[in-house]
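First up is the structure itself, then whatever we jot down about it.
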Amino acid sequence: MVLAQPFAGRCLILSWDYGLQRFRLEEELSAPSVVSCKPLVLGLRLFVLAARLWGGSQLWARPGPGLRLAPTQALAPKRLLRPNDAELLWLDGQPCFVVADASKAGSTTLLCRDGPGFYPRQSLHAWHRDTDAEALELDGRPHLLLASASQRPVLFHWFGGRFERRTDIPEAEDVYATRHFQASGDVFLCLTRYIGDSLVMRWDGSMFRLLQQLPSRGAHVFQPLLIARDQLAILGSDFAFSQVFHLEPDKGLLEPLQELGPPALVAPRAFAHIAMAGRHFLFAACFKGPTQIYQLHELDLSA
């Protein structure tokens, strides 16, 4: 598990200790003003992209097990001026990173592997102050969804070796972040809004259509997760307890399941699930507080 800690200025790499039955710190990467630490494993090699607000984004690499990570490359210093999110995707069999840039003078950049490093393949959506990127597959083709501070989310599709604009998302102004999940053959979007209601949308074959609205004042993250056999979605909040929703198969809607806390998470920004040694863990990364780790407990209500 790789965690970004902006206030501490570092990326943490955690590994599972089978003897102690807990996560332990394996390595720490110095990354002042980091906003995202995105790992990629290629064979025995480990890469970590550290997207940073200031000082330039970097690529770290570890040639093999037992060795330490070291910075190997400065990433697109003239294009990535204020990165806000980084995602991994595969295009034509090659690994790529897309980094959403929130600077008015910067541009979201697609970085693909070429030889020993990752280099700019395409600039996207210049001048729009993008806040989030989400890679997904629709109709058997790679797509990319970008959320920005200046317009509705825009959907791009991979065509002819580059991303081309396909459409935007209707009825979705002021979206901060986007995430997707699949259930029963359908593709759904979770759109995060800090003010107003966050949105759940479903792909109808040509565009995303509104399915559900959830009150979400103060939200920066609306993260779908498949944990065990359950499709969940967690709506984080800066002002209240974060809420866990469960997808009700019969209705096709998200229903409240539980709140995370007390204590309440302090400014949650990301949730991630990892299964280890037959157990399910939920990582909650917070902007102003410590990262919390939850364990799933299943209750038998049949009696």
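The values are calculated or read from the model by the stated rules, or taken from the named source; none is laboratory data. What you see is a predicted model, and the numbers here were worked out from it, not measured in a lab. Cβ: placed from backbone, ideal geometry, glycine included. Neighbour counts: every protein chain shown.
I'm trying to understand the selection: among the residues of the stretch 270-303, which are farther than 11 Å from residue 3 by Cβ, among the aliphatic types (A, V, I, L, M) and modelled with pLDDT of 90 or more? Steps first, please.
So in the stretch 270-303, the residues farther than 11 Å from residue 3 by Cβ come out as 271, 273-282, 287-289, 292, 294-303.
Next, from what is left, pick out any that are among the aliphatic types (A, V, I, L, M): 274-277, 282, 296, 299, 301, 303.
Scanning the stretch 270-303 gives 274, 275, 276, 282, 296.
Among the candidates 75, 145, 91, the residue that is of a type in the set (A, V, I, L, M), touching a Pro at 6+ places or on another chain (Cβ under 7 Å) and over 25 Å from residue 220 (Cα atoms) is uniquely 91. Look at the stretch 272-298: where a residue is surrounded by 14 or more Cβ atoms within 10 Å (Cβ to Cβ) and a partner is part of a strand (DSSP E or B) and basic (Lys, Arg), sitting 6+ places away or on another chain with Cβ atoms under 8 Å, you get 285/269; 286/269; 287/269; 296/279. For the stretch 103-141, taking the residues that are under 13 Å from residue 81 (Cα atoms) and of a type in the set (A, V, I, L, M), the one that is surrounded by the fewest Cβ atoms within 10 Å (Cβ to Cβ) is identified as 105. Does residue 98 count as touching a Pro at 6+ places or on another chain (Cβ under 8 Å), buried (at least 17 other Cβ atoms within 10 Å of the Cβ) and not polar (S, T, N, Q)? It is false that residue 98 is touching a Pro at 6+ places or on another chain (Cβ under 8 Å), buried (at least 17 other Cβ atoms within 10 Å of the Cβ) and not polar (S, T, N, Q).
Among the residues making up the stretch 69-101, those that are closer than 23 Å to residue 15 by Cβ and either out of contact with any Asp or Glu (no Cβ under 8 Å at 6 or more places or on another chain) or modelled with pLDDT under 95 (or both) are 70, 71, 72, 86, 88, 95. Which one is surrounded by the fewest Cβ atoms within 10 Å (Cβ to Cβ) among residues in the stretch 200-215 that are on the phi < 0 side of the Ramachandran plot and either within 17 Å of the chain's Cα centre (by Cα) or touching a residue at least 60 places away in the same chain (Cβ under 8 Å) (or both)? Only one residue fits best here, namely 203.
Of all the listed residues (250, 238), the sole one being part of a loop (DSSP other than H, G, I, E, B) and exposed (fewer than 14 other Cβ atoms within 10 Å of the Cβ) is 250.
Among the residues of the stretch 100-150, count how many are of a type in the set (Gly, Ala, Ser), at negative phi and without any contact (Cβ under 8 Å) to a residue 12 or more places away in the chain. Let's see the steps before the verdict.
Within the stretch 100-150, the subset of a type in the set (Gly, Ala, Ser) is 100, 102-103, 105-107, 115, 117, 123, 126, 133, 135, 140, 147-150.
With at negative phi added as a condition, the list becomes 100, 102-103, 105-107, 117, 123, 126, 133, 135, 147-150.
Imposing the further condition that a residue be without any contact (Cβ under 8 Å) to a residue 12 or more places away in the chain reduces the set to none.
Matching residues across the stretch 100-150 total 0.
Evaluating residue 254 against the criteria (1) modelled with pLDDT of 95 or more; (2) out of contact with any Cys (no Cβ under 9 Å at 6 or more places or on another chain) leaves one unmet condition, (2).
On the basis of being basic (Lys, Arg) and in a strand (DSSP E or B), does residue 217 make the cut?
no
Take residue 233 and tell me if it is in the same structural domain as residue 155 (by TED's automatic domain parsing), in a loop (DSSP other than H, G, I, E, B), surrounded by 14 or more Cβ atoms within 10 Å (Cβ to Cβ) and of a type in the set (A, V, I, L, M). No; evaluated as a whole, the condition is false for this residue. Tell me whether the stretch 174-187 contains one or more residues that are assigned to a strand (DSSP E or B), within 22 Å of residue 127 (Cα to Cα) and assigned by TED's automatic domain parsing to the domain that holds residue 247. Yes, the stretch 174-187 contains a residue that is assigned to a strand (DSSP E or B), within 22 Å of residue 127 (Cα to Cα) and assigned by TED's automatic domain parsing to the domain that holds residue 247.
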